[in-house]
1. Nearest 0.05, what FRET efficiency do SER191 and GLU30 give at R0 = 22 Å with Cβ-Cβ as r?
2. Determine the share of the stretch 56-115's accessible area contributed by carbon and sulfur atoms, expressed in whole percent, with a 1.4 angstrom probe.
3. Could you tell me whether the stretch 31-144 comes out rounded, prolate or oblate from its Cα gyration tensor? Rule is a ≥ b ≥ c as square roots of the eigenvalues, rounded for a/c under 1.5, then prolate if a/b exceeds b/c, otherwise oblate.
4. Ranked by accessible surface with a 1.4 Å probe, highest first, in what order do THR25, THR210, THR167 come?
5. Please say if the stretch 55-115 is rounded, prolate or oblate, where rounded means a/c under 1.5 for a ≥ b ≥ c the square roots of the C-alpha gyration tensor eigenvalues, and otherwise the choice is prolate for a/b larger than b/c and oblate otherwise?
6. For a quick protection proxy, order the peptides 106-114, 28-36 by their average other-Cβ count within 10 Å, most packed first.
7. Quick check on the stretch 78-146: what are the equivalent-ellipsoid semi-axes from the Cα gyration tensor, as sqrt(5λ), descending, whole Å?
8. Would you mind checking LYS100/LYS156; LYS35/LYS212; LYS35/LYS143; LYS35/LYS139; LYS100/LYS212 for any pair whose Cα atoms are more than 25 angstrom apart?
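The values are calculated or read from the model by the stated rules, or taken from the named source; none is laboratory data. Since the model is a prediction, treat every value here as computed from it, not as a measurement. Note: ideal-geometry Cβ built from the backbone for every residue, glycine included; neighbour counts use all protein chains shown. SASA here: full protein model, heavy atoms, side chains in, ligands and nucleic acids out. Shrake-Rupley method; radii C 1.70, N 1.55, O 1.52, S 1.80 Å.
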Amino acid sequence: MVTGLSEPSLSREPNYSTRELSPATWLDFERLFSKHGGVGGCWCMYYQRPSGGTMKGLTPTERRANNKRDKKLLVDGNRSHGVLLYDRENPIGWCAYGLKQEFPRIDNGRNYKRLDVEKNPEKLWRITCFFVDRDYRKKGVAKAALNATLDSIKAKGGGVVEAYPVTHKSARAWSKWSNWFWFGTESMFESEKFRVVGPMGPHHLLMRRTVKP
């Protein structure tokens with residue numbers, strides 16, 4: 001995990017740079033998400049909770065506040081990972097990733113449970129969420145964030161990497177509602193050599209690839 005801000009690492013997009021989420025980059029993450037209402041108030045916490053039970057009975061304002069608070073606690077404890085993408089010093093994109101145990105809600109999902117897959121490979125990483133600033137959409141930000149994330153996983157020793165993208169068919173049907181693509185698209189992961197393991201309901205797939213150190 002990168003904990004400093006000395007020099008941002010270059011992504012494969014020449015105009016963008018990347019930094020790991022850490023206590024040192026929290027303010028950049030906060031700036032990006034605050035600009036967009038905490039991105040639905042989630043603060044990228046949904047899949048880090050085992051279930052939604054802890055949020056029952058709360059108002060939307062209380063949910064947003066709790067999600068932001070809990071995200072900060074996880075980041076401070078090195079238990080929440082991700083890559084921030086920058087245009088110069090301006091944070092413009094985000095990709096959440098981490099080891100299997102960081103995202104317990106995936107394992108508890110009925111669509112995931114239905115798949116006959118190896119649930120416990122030696123080292124299993126998950127890529128769960130993308131977000132792109134509204135002013136930078138359709139400019140290659142999500143793809144650059146994915147490439148940077150795979151580079152980070154490689155630097156951490158590699159392993160099996162899972163993703164849960166929208167299918168080709170659903171991506172075409174939902175093309176006007178880009179906010180629904182937080183998992184990324186099938187074609188984006190295909191271009192990085194991910195392979196389909198099986199369907200996760202009517203609109204999403206489980207895809208995997210192995211990243212070698």
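1. Numbers: r = 31 Å, r/R0 = 1.41.
E(calc), rounded to 0.05, equals 0.10.
2. Working: 1510 of 3110 Å².
The C+S portion of the solvent-accessible surface of the stretch 56-115 is 49 percent.
3. On the way: a/c = 1.86, a/b = 1.22, b/c = 1.53.
Oblate shape, in that a/c is at least 1.5 and b/c is the bigger or equal ratio.
4. Working: THR25 0, THR210 90, THR167 20 Å².
Correct descending sequence by accessible area is THR210, THR167, THR25.
5. On the way: a/c = 1.95, a/b = 1.22, b/c = 1.60.
In terms of gyration-tensor shape, oblate.
6. 28-36, 106-114
7. Working: eigenvalues 163, 35, 19 Å².
They are 29, 13, 10 Å, listed largest first.
8. Working: LYS100/LYS156 14 Å; LYS35/LYS212 36 Å; LYS35/LYS143 21 Å; LYS35/LYS139 19 Å; LYS100/LYS212 17 Å.
Cα-Cα > 25 Å for LYS35/LYS212; rest within.
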